[in-house]
Amino acid sequence: MQKFKNKVVLITGGTNGMGFTTAQKFITEGAKVVITGRSEETINRAIKELGTNAIGIVSNAGKLSDILELKDQISKHTDQIDILFVNAGYGKFMPIEMVRESDFDELFDLLVKGTFFTVQQILPLMPKGSSIILNTTFLTEVGHPNMSVYTAAKAAVQSLIKTFAAECTSKEIRVNGISPGYIKTNIFNNTGLTPEEIKKTIDAVIPTLPFKRFGEPSEIAKTVLFLASDDASYIHGTEITVDGGLSRTK
């Protein structure tokens, strides 16, 4: 049974990782999916793999001018969005002493301002019964060195889940969040680490995880589809943590 037949889904940052895998799952379940990405090259590559039920739009989630054009770009393809997964984002990790104002602004522009204004722009396209899912992180539950700015920005997104939910109740639109742990994605690629340093970081992290492995993007995708589905019709203003128990067992 195709749970999302005749539904239109927008996934920001849908060209790779969790966003791309979630797009695949929605399409398998009958949905038409619109994905955004920062370059035409990555969009074209993703659309080629996703197939005819996918539409790609070049849009930088950290650039307000792009976000303000997103509604008009989407309106060329569809007059409504039934499910919005605000997924676009990455982290930059460094000690407090090394954080520059530009680093701070980059993450808050992408993760906080980008999330807020994406929802603001897409909300008029969303009918009653729609669903919004924001992407946060398990790191807000623990104190972790070198992640102060990233975690603060994601904590702001967690606050938006609650306030958006309160405001969207009258619109009959559900708002929830998903809080991933360590997932097999390219999250380390924008940190400035070399491939060797990334491998060393991953090798050091794995033994500390309850199940001694990173999560699969499909494990995030399945949870997003659950939150978007009628199976979660009475779940609102809630965040589901998918981290293999890391934030609860340490």
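Find the relative contact order for the chain and round it to a whole percent, using C-alpha pairs within less than 8 Å whose residues are 6+ positions apart. It would help to have the intermediate numbers written out before the result.
Details: 466 pairs, mean separation 51.3, N = 250.
Relative contact order for the chain comes out at 21 percent.
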Q | Dipole of the chain, positive direction: furthest Cα of Pro195, Phe20, Met147, with charges on the beta-carbon | A | Phe20
Q) Using the Karplus equation 6.51 cos²θ - 1.76 cosθ + 1.60 (θ = phi - 60°), what ³J(HN,Hα) coupling, rounded to whole Hz, does each residue of the stretch 93-108 give in order, writing x for Gly and Pro? A) 10, 7, x, 3, 5, 9, 6, 9, 4, 5, 5, 4, 5, 4, 6, 6
Q | Percent of Cα-Cα distances greater than 19 Å, calculated over the stretch 1-107 | A | 46
Q. Where nothing but the Cβ of Lys and Arg (+1) and of Asp and Glu (-1) is charged, how large is the charge dipole of the stretch 8-249 around its Cα centre, in debye to the nearest 20?
A. 320
**Q.** Nearest-ten-degree value, helix 195-205 long axis tilted from longest Cα axis of the chain
**A.** 90
Q. If you line up the long axis of helix 17-28 against the longest principal axis of the chain, both from Cα atoms, how many degrees apart are they, to the nearest 10?
A. 30
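Give me the net charge for the shell around Met94: Cβ to Cβ below 15 angstrom, other residues only, Lys and Arg +1, Asp and Glu -1.
Details: positive: Lys92, Arg100; negative: Glu97, Glu101, Asp103, Asp105, Glu106, Glu197.
Taking every Cβ under 15 Å from that of Met94, the sum is -4.
For the chain, what does the helix formula give at 222 nm: sum of -39500 (n - 2.57) over DSSP H segments with n ≥ 4, over the residue count, nearest 500 deg cm²/dmol? Each step should come with its number before you reach the end.
Values: 9 runs with 100 residues, N = 250.
Roughly -12000 deg cm²/dmol at 222 nm, from the helical runs in the chain.
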**Q.** Charge tally in the Cβ shell below 15 Å around Pro124, where Lys, Arg are +1 and Asp, Glu are -1, Pro124 excluded
**A.** -3
Q. With the calculation restricted to Cα positions, what are the radius of gyration and Dmax of the chain in angstrom?
A. 17.3, 53
Q) How far is helix 40-50 tilted off the main Cα axis of the chain, in degrees rounded to 10, range 0 to 90? A) 70
Q | Listed residue pairs exceeding 30 Å between alpha carbons, taken from Lys92/Lys171; Lys25/Lys212; Lys63/Lys212 | A | Lys92/Lys171; Lys63/Lys212
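Give the order of Thr241, Thr78, Thr194 when sorted by the count of other beta carbons within 10 angstrom, beginning with the fewest. Don't skip to the answer; put the middle values down first.
Working: Thr241 20, Thr78 14, Thr194 9.
So the residues, fewest neighbours to most, are Thr194, Thr78, Thr241.
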(Q) Kirkwood Rh over alpha-carbon pairs of the stretch 139-232, then Stokes-Einstein at 25 °C and 0.890 mPa s: what D in µm² s⁻¹, rounded to an integer? (A) 156
Q: Please give the contour-minus-distance gain from Ser148 to Gln73: 0.36 nm per residue of separation, less the Cα-Cα distance, rounded to one decimal in nm.
A: 23.5 nm
Q) Where is the GNM fluctuation largest for the chain (alpha-carbon springs, 10 angstrom cutoff): Glu69, Glu196, Glu106? A) Glu196
Q: Quickly rank 136-145, 164-173, 220-229, 202-211 as a protection proxy: mean count of other C-beta atoms within 10 Å, highest first.
A: 220-229, 136-145, 164-173, 202-211
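Quick note: the coordinates plus some simple rules give every number you see, no bench work behind them. Keep in mind that what you see is a predicted model, and the values were worked out from it rather than measured. Heads up, the Cβs are rebuilt from the backbone with ideal geometry, glycines too, and the neighbour counts pull from every protein chain shown.
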